[in-house]
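Note sheet for the following structure.
Each reported figure results from applying straightforward, stated rules to the coordinates on display, with no laboratory input. Quantities reported herein were computed from a predicted structural model and do not represent experimental measurements. Because the Cβ atoms are built from the backbone with ideal geometry, glycine has one as well, and the counts that use them run over all protein chains shown.
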Amino acid sequence: MSRRVIKLLCIALAFWAEIGFSLTIGIDWLKSLSPKVVLRDEQGELRAYKVIKWTRTKKVKTKAGWGEEFLAELEKRKDVKLKAVSLSSQPALIVWLELKDGFKNYLPQSSEQVCVGLEINLPQNLPKKLSFKISAFAPPVNEIVPTNGPVVFYNRNFQTLIISPLDHFLYSLIREEKSRLQIGLEAELDALPKGFSHPVIFYSGRGIRQSFEEWGRLLRRWYGTTPPDLYADVGLKYLGYWTDNGSFYYYNTEKGMNYEETLLALKKYADELGVPFGYFQIDSWWYLKSTDKRTGFGPLDWIKNLTGGGVIRWEARKDVFPQGVKAFQQKLGLPLIAHNRWYDKSTDYRKEYKFVDGVGNRNPAFPIEERFWDMILKSAKERGIVVYEQDWLDTQWKIIPYIRQHIDVGENWLSWMSKYAQKYNLTIQYCMANPGIFLQAVKYPNITQIRCSGDYLAGAPKEYWWKHFFITSMLAWSCGIYPWKDTYLSSSGQRLIRDEKRSFEETLISVLSAGPVGPGDRIGYINKPLLMRTCRKDGVLLKPDKPAMPIDKVFISKKGPFTVITETATQIGKYYYVAGFNLYPYILSKKITFADLSIKNKNYLVWDWKNKRFQKNPQEILLPKRLGIYKAVYYILVPELEKGVAFIGEFEKFITTSKGRFQSIEYNNGVLKLTLKGVQGEQIKLGLKTSSTPKIQKIKGAKTSSLRFSEPMDIYVLSLQFNLEQAEVEIKL
């Protein structure tokens, strides 16, 4: 038998092993992985201790529900307790490692090594892997790298195993070592207190996206938190204007104007244009830093401001806002999202509060008093700031060894920030978070937004941003946070270099995220028609119910496009929003089937959003033969109410049945009943598919401008104008 034949047989056997494999999480499964406890000794060597046996003890109630408890007996260690609970109502196993006498790390190692933890064999028949680097924006990779968690194993049948910590997220470490998986705490910690306990969860599911959501629900149940409301704060509710890196006015103003004059001129232009921004974001250019002095050479100043300069005082520079942030906010007439970063060793706050020094050329210092955060968040409230943006989070983790060395410091840092933001009725956006900080956010109800990809860079290859964004969005949403794509330019021609050619796609991705939508255009270049597809006349965003996330197929096949899906739930069924992007290395295929989308219900019609017509093939989306690089296709799966009858919704908007517009959509006995929200005088268009002419039976709070049949779209178009902020319409179809 030739080597080629043997190789093909091995591949086939591996494939069928995956297909036939069924994963059942429990104590027997854990035993099959030869678990050991690992601890570093006084010489810094990692020692492994076998589990001799497991003993079932009793039924216990955990924060995630009831389960069977098992205690392990360890070889040679009586001071370490290993406990497991197999949950009764969920496919999950929780394991606690308890240190009766605590732990002293005599020779601290790298934070990418383990000092104490559990070690197991890699799970069988789940050969594919996904983890997130301990780096800014939690970059996803298709291998096991040192990570805070989660780590995902899966196969071609989408059997999925998620492993993550259940606490001490910043200090958690999962790494692969010689075909074994170590799950514990990072080795730069100096000590752990007596009675310290570290919980880890193993969660089994079917489907990568679905498993992330289920695992996330368990995490949130553990901490008693829920995702924020779809419109929880101004950043989530309104179209906003951004000035962070990538925007036109990042460390840049109009000639002859300071920042205040530039932004007020931008606001005036937007008002005249009719673009309803609901807030402005002010970035790191507004406050006093150690690098505020400019060289006068644009590119050098841009690099200098991006990479260096800790905070001296979180107060406005006089050349930026001469009368302060509050005066600017009052002139603007809109609330603010305000950026902050790390502190410089020479910060003025050292005179009033305790700090510890960090390392490296950023010259960092770190506040370690709780009352410091009371002062910072109180000052934000007083200035008209409603969302506090904490940036450079992973950087602070890396340049402040004190955080990594003490198990309570990182927890205090983020808990105090959340506590005092809540005290002053502010919400928080995280930026440059590593995966541990993503996970830590599950504890705090007022972390509403988190950046999920690197700083926007117009004109650069989109592969480096879009795939990262959508995959990391799964992590964000599991933790109960809305992902933020970052700013972008809504039109071309604003720069000679770093110009944007895919504004449509950038806008589409933003609104599909269910998070903020925040262009950063130059005066004269705001693309009103494009931006108004994301919102109502008053700037309220028209969003899906949850973030768009990759379909499972993209994790095992390069037959593209790179496809994501999200939804809105209505009384007549779910609407699914499906976008595909031409990204390397995905190769455009002929179709996307409903099975690819994990949709079992056959009663859907496919609305081609860009071409404004229904496709004819059932249970599949037909793709164009050609699609330009970084271009998108976009489709909506519309519930078929009866044979040939469907309600598309507001078909000129990206999200046609958003809860920002529709309070209810009902259909009974051939009558469609709509309750809508809007702005007095606002005009909207609704799409109806039916074989006979629809008839308006009732209308309240609005008036009908027209009801006509559109031959190009092969649908009826109902044009309405709001008289009040709420309208009710009944239509006989």
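Computed over region 234-531, relative contact order equals 20 percent, with contacts defined as Cα pairs under 8 Å that lie 6+ residues apart. Set the Förster radius R0 to 56 Å, insert the Cβ-Cβ distance between K559 and E352 as r into 1/(1 + (r/R0)^6), and round the FRET efficiency to 0.05. With a Förster radius of 56 Å, E is 0.40. Quote the relative contact order of the chain in percent (integer), defining contacts as alpha-carbon pairs under 8 Å separated by 6+ residues. It comes to 9 percent, rounded to a whole number. Does region 334-485 classify as rounded, prolate or oblate by the C-alpha gyration tensor (a ≥ b ≥ c root eigenvalues; a/c under 1.5 gives rounded; else a/b over b/c gives prolate, otherwise oblate)? Note, shape of region 334-485 comes out prolate. Computed per residue of the chain from DSSP H runs no shorter than four, each worth -39500 (n - 2.57), the mean residue ellipticity at 222 nm is -6000 deg cm²/dmol.
Cross-link partners for K268 among the aspartates and glutamates, with Cα-Cα distance under 18 Å and sequence neighbours closer than 8 places in the same chain left out: E254, E260, D521, D538.
Shown here: Rg and Dmax of the Cα atoms in Å, derived from the displayed model; of the candidates (1) 27.2, 84; (2) 28.5, 84; (3) 28.1, 98, it corresponds to (1). Is there a pair in K485/K695; K462/K610; K50/K194 whose C-alpha atoms are over 32 Å apart, and which pairs would that be? From K485/K695; K462/K610; K50/K194, over 32 Å: K485/K695. Of K467/K553; K659/K732; K381/K537; K602/K689; K237/K677; K128/K574, which sit over 20 Å apart, Cα to Cα? From the list (K467/K553; K659/K732; K381/K537; K602/K689; K237/K677; K128/K574), the Cα-Cα distance tops 20 Å for K659/K732; K381/K537; K128/K574.
Calculated FRET efficiency, K78 and E45, Cβ-Cβ r, R0 22 Å, to nearest 0.05? That gives a FRET efficiency of 0.60. Exposure proxy shown here: for E186, E176, E119, E711, the number of other Cβ atoms within 10 Å sets the order, fewest to most, as E711, E176, E119, E186.
The fewest-to-most ranking of Y464, Y576 by surrounding Cβ atoms within 10 Å reads Y464, Y576. Which of the helices in the chain, when you take each full DSSP H run, stretch at least 24 Å along the axis at their Cα atoms and have an average Kyte-Doolittle score of -1.0 or higher? For the chain, where a helix must reach 24 Å along its axis and average at least -1.0, the hits are 3-20. Under 16 Å of direct C-alpha separation, and excluding same-chain neighbours fewer than eight residues apart, K178 reaches these lysines: K36, K129. If the segment from E463 to K574 were pulled out straight at 0.36 nm per residue, it would be longer than the present Cα-Cα gap by 37.0 nm. Does region 517-642 classify as rounded, prolate or oblate by the C-alpha gyration tensor (a ≥ b ≥ c root eigenvalues; a/c under 1.5 gives rounded; else a/b over b/c gives prolate, otherwise oblate)? Oblate is the answer for region 517-642, as a/c is 1.5 or above yet b/c matches or exceeds a/b. Distance between the 7 Å Cα→Cβ label points at F709 and E176: 6.1 nm. Taking other C-beta atoms within 10 Å as the exposure proxy, M474, M713, M257 rank M257, M713, M474 from fewest upward. Relative contact order for region 13-212: 22 percent, from Cα pairs under 8 Å spaced at least 6 residues apart, divided by residue count. In this simple spin-label approximation, K104 and L122 carry label points 7 Å from Cα along the Cα→Cβ vector, and these lie 3.8 nm apart.
What does the net charge come to around K100 if you take all other residues with beta carbon closer than 13 Å to its beta carbon, with K and R at +1 and D and E at -1? With Lys, Arg at +1 and Asp, Glu at -1, the net is +2.
For region 336-402, GluC sites (Glu not before Pro) meeting the loop criterion (DSSP other than H, G, I, E, B) and having at most 14 other Cβ atoms within 10 Å: E352.
Of all lysines in the structure, those lying under 16 Å Cα to Cα from K63, and not within fewer than 8 positions of it along the same chain, are K83, K443. Phi angles of region 583-599 translate, via the Karplus equation with coefficients 6.51, -1.76, 1.60 and θ = phi - 60°, into HN-Hα couplings of 10, 5, x, 6, 10, 4, 9, 7, 7, 10, 8, 4, 4, 4, 8, 6, 10 Hz per residue; Gly and Pro are given as x. A simple count of charges around L288, restricted to other residues whose Cβ falls under 9 Å of its Cβ and scoring Lys, Arg +1 and Asp, Glu -1, yields 0.
Computed from label points 7 Å out along Cα-Cβ, the spacing between S34 and K625 is 5.7 nm. For region 13-212, rounded, prolate or oblate, judged on the Cα gyration tensor with a ≥ b ≥ c (square roots of eigenvalues), a/c < 1.5 rounded, else prolate if a/b > b/c? Taking the square roots of the gyration eigenvalues as a ≥ b ≥ c, region 13-212 is oblate.
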